[in-house]
Amino acid sequence: MDVIAEFFRVNRTIVLFVYGLSFFVMGLAVFLQTRRHSRLRLARDLQWLAAFGIVHGIHEWGMIFVPIQASYVAQSVIDFLRIIQMVLLAISFACLLIFGAVALERRFPRLTSVVLLVILLWGLGFALSAFWQPDKHHWLTISDIWSRYLLCLPGSILAAFGLVYQARTCIEPLQTKHIVDNLYVAAGALLAYAFFGGIIVPNSDFPPANVLNYSLFDQGIGIPVQVIRTLIGLVLSMTIIRALEVFEIELERALEQMEVARIQSAERERIGQEIHDGAIQGVYSASLILESMEPLMEAGTEPARRLEQAKNVLNAVNTDLRSYMISLRTVSPPDPLVPSLQTLITNPRFRGLLDIDLVCDIEPNFRPVQTHHILSIVQESLSNTLRHARARHVKVTLRRENGMIVIIIEDNGRGFSIDDVPAGYGLRSIRDRARLLGGQLDITSSPGRGTSVMLVLPEEKSL
């Protein structure tokens, strides 16, 4: 027992560093993900858990670096640093408490107000006790204890139940069992942290801090409570980071839905064209043949009446076929082009995943069918950006140069080598549409430098 206690005493700095690092890495991993574009409520809520991890990690590192500063910095500066450190601890626990409240907001709408009141009460107590307690060390110790009792303990419990609630309501419908399991394990880690971080506190002379305190572990078990907190932090970090995969799955499914919609649209266009070129033409030809037989029949006879009925049936079939053809076709957007572009880029399937800027100071004159082809090119370019570029920002520029209209779609993604990438259906589609418009399409890209698609075409063109 003494050997173990001595080992952890000697390596206390390493324990504190790993402790802080485990929480800091968890918070940083969440912030580095592009969660602001996700439609899952969990994406917004996790920002509070990330803030807890980063701030708490910085606080724990302060346990290492503040004592180092004490050897050559004035005591007044050290006291100030310890106060800042105490404030950081409380802020981290407050973020954890808010995370639990917002994660359960749908089930308990008033919980956030209660949580904010608790945080406010702790802040008032912290400020007022500074005047009542002249001993700064004792004041900070009491503040540490009550921050754990009032903020960490309920915050960890609420956060655990919040993760379980979000897993059941938001993640389980996506049928991603391994992600749900990770969130459950993370919830278990938070419940463990509620005990080891919220109940086991610095030594004091009032219950339960006079019993459940750091000395209980140091003397009774021989393992500092910070070691157990470190293990909990590692489990929490690993499970939360693995659960972040849900946002990649969400993106892939959104892209898959867009691809299905595009394929369905193309198939409807094909079927509509076949109806026009095949069935409608055949029905129309049969109708003409019947009309040519009318002079050969005597009016009022049974054959003439049957012939008239056949013509009416064919006309009705022709009308129905044209109705089906029109319903299958993609509706052409109304002229002018610019409002149609604005509608396209504000579509949630793009706006929810990309920051798109439209730069335009002209209103070109295009026919509706031309506008349809231009929008299809822009839409396919944006879809390619989502599928392959890993970009966060896209700029769509529309300008007039030398009597020509220039449309540029450029992103800040990872780019690609044009010579090494085979032309897929999407690229062939936009090139074909550019030829139909009588324009020129130029794609410029290189690894790490993003991609630019430039379409140059005459302003007035009959198709």
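The values are calculated or read from the model by the stated rules, or taken from the named source; none is laboratory data. From a predicted model like this one, the values you see are computed outputs, not experimental measurements. Positions of Cβ are generated from backbone atoms using ideal geometry, with glycine treated the same way; all protein chains shown enter the neighbour counts. The protein model used for the area step is the full one, side chains on, heavy atoms only, and it has no ligands, DNA or RNA in it. Shrake-Rupley method; radii C 1.70, N 1.55, O 1.52, S 1.80 Å.
Starting from the Cα of K311, draw a straight line to each of the aspartates and glutamates and keep only those under 19 Å, dropping any in the same chain fewer than 8 residues away.
The qualifying aspartates and glutamates are E291, E294, E298, E302, D320.
Quick check: net charge around K311, other residues with Cβ under 9 Å of its Cβ, Lys/Arg +1 and Asp/Glu -1? Please list the in-between numbers first.
Values: positive: none; negative: E291, E294, E308.
Summing Lys/Arg as +1 and Asp/Glu as -1 gives -3.
Dipole of the chain, Cα-centred, from +1 at each Lys and Arg C-beta and -1 at each Asp and Glu C-beta, to the nearest 20 debye? Mind dumping the intermediate values first?
Values: 42 positive and 43 negative charges, 135 e Å.
That gives the chain a dipole magnitude of about 640 debye.
Cross-link candidates for K395: which aspartates and glutamates have Cα within less than 19 Å, leaving aside residues fewer than 8 places away along the same chain?
Qualifying aspartates and glutamates at Cα under 19 Å: D355, D357, D361, E363, E380, E410, D411, D442.
In the chain, once you exclude exposed GluC sites (Glu not before Pro) (DSSP loop, at most 12 other Cβ within 10 angstrom), what's the longest stretch remaining? Show your work: numbers first, answer last.
Numbers: sites that count: E298, E460.
In short, 1-297.
Quick check: the distance between the Cα centres of region 127-171 and region 373-414, to the nearest angstrom?
About 49 Å separates the Cα centre of region 127-171 from the one of region 373-414.
Taking amide H positions as placed in the peptide plane 1.01 Å from N, state which residues far from N213 in sequence (5 or more) or on other chains have amide H under 5 Å from it.
V201
Where in the chain are the DSSP H helices whose C-alpha atoms run 18 Å or more along the long axis and whose mean Kyte hydropathy is at least 0.5? Could the numbers behind the result be given before it?
Working: long enough: 12-32 (30 Å, 2.06); 41-69 (42 Å, 0.58); 75-103 (42 Å, 1.97); 111-132 (31 Å, 2.18); 153-166 (20 Å, 1.32); 177-198 (30 Å, 0.95); 225-243 (27 Å, 1.61); 245-274 (43 Å, -0.72); 281-293 (19 Å, 0.68); 302-328 (39 Å, -0.43); 368-384 (24 Å, -0.01).
Helices meeting the span and hydropathy rule in the chain are 12-32, 41-69, 75-103, 111-132, 153-166, 177-198, 225-243, 281-293.
Pull up the DSSP beta bridges for the chain and report the antiparallel fraction as a percent, rounded to 5.
Numbers: 21 of 28 bridges.
Counting only bridges with both partners in the chain, antiparallel ones make up about 75 percent.
How would you classify region 94-226 from its alpha-carbon gyration tensor, with a ≥ b ≥ c the square roots of the eigenvalues: rounded for a/c under 1.5, else prolate if a/b is greater than b/c, otherwise oblate?
Oblate is the answer for region 94-226, as a/c is 1.5 or above yet b/c matches or exceeds a/b.
Can you give the net charge of the other residues whose Cβ lies under 14 Å from the Cβ of F17, counting K and R as +1 and D and E as -1?
On the way: positive: R12, R229; negative: E60.
Its environment carries a net charge of +1.
Within region 73-163, list the trypsin sites (Lys or Arg not before Pro) lying in a DSSP loop whose Cβ has at most 14 other Cβ atoms in a 10 Å radius. Walk me through the numbers on the way to the answer.
Details: sites: R82, R106, R107, R110, K136, R148; in loops: R106, R107, R110.
Here the sparse-neighbourhood loop sites are R106, R107, R110.
So if I take the centroid of the Cα atoms in region 246-272 and the same for region 48-120, what is the distance between those two points in Å?
Spelled out, the Cα-based centre of one part sits 45 Å from the other.
Give me the 1.4 Å probe accessible area per residue for the chain, excluding ligands and nucleic acids, in Å². Before the final figure, lay out the partial values.
Working: 24360 Å² over 463 residues.
Value returned for the chain: 53 Å² of accessible area per residue.
To the nearest 10 square angstrom, how much accessible area does T13 have with a 1.4 angstrom probe?
80
Hey, what did the chain get for relative contact order, percent, Cα under 8 Å, at least 6 apart?
Numbers: 638 pairs, mean separation 52.7, N = 463.
Here the relative contact order equals 11 percent.
Ranked from the most accessible area to the least, with a 1.4 Å probe and all protein chains present, what is the order of Y184, Y72, Y149, Y19?
Values: Y184 75, Y72 150, Y149 35, Y19 0 Å².
Sorted by accessible area, descending: Y72, Y184, Y149, Y19.
Express the carbon and sulfur contribution to the solvent-accessible surface of the chain as a percent, rounded to the nearest whole number, probe 1.4 angstrom.
Values: 15010 of 24360 Å².
It is 62 percent, rounded to a whole number.
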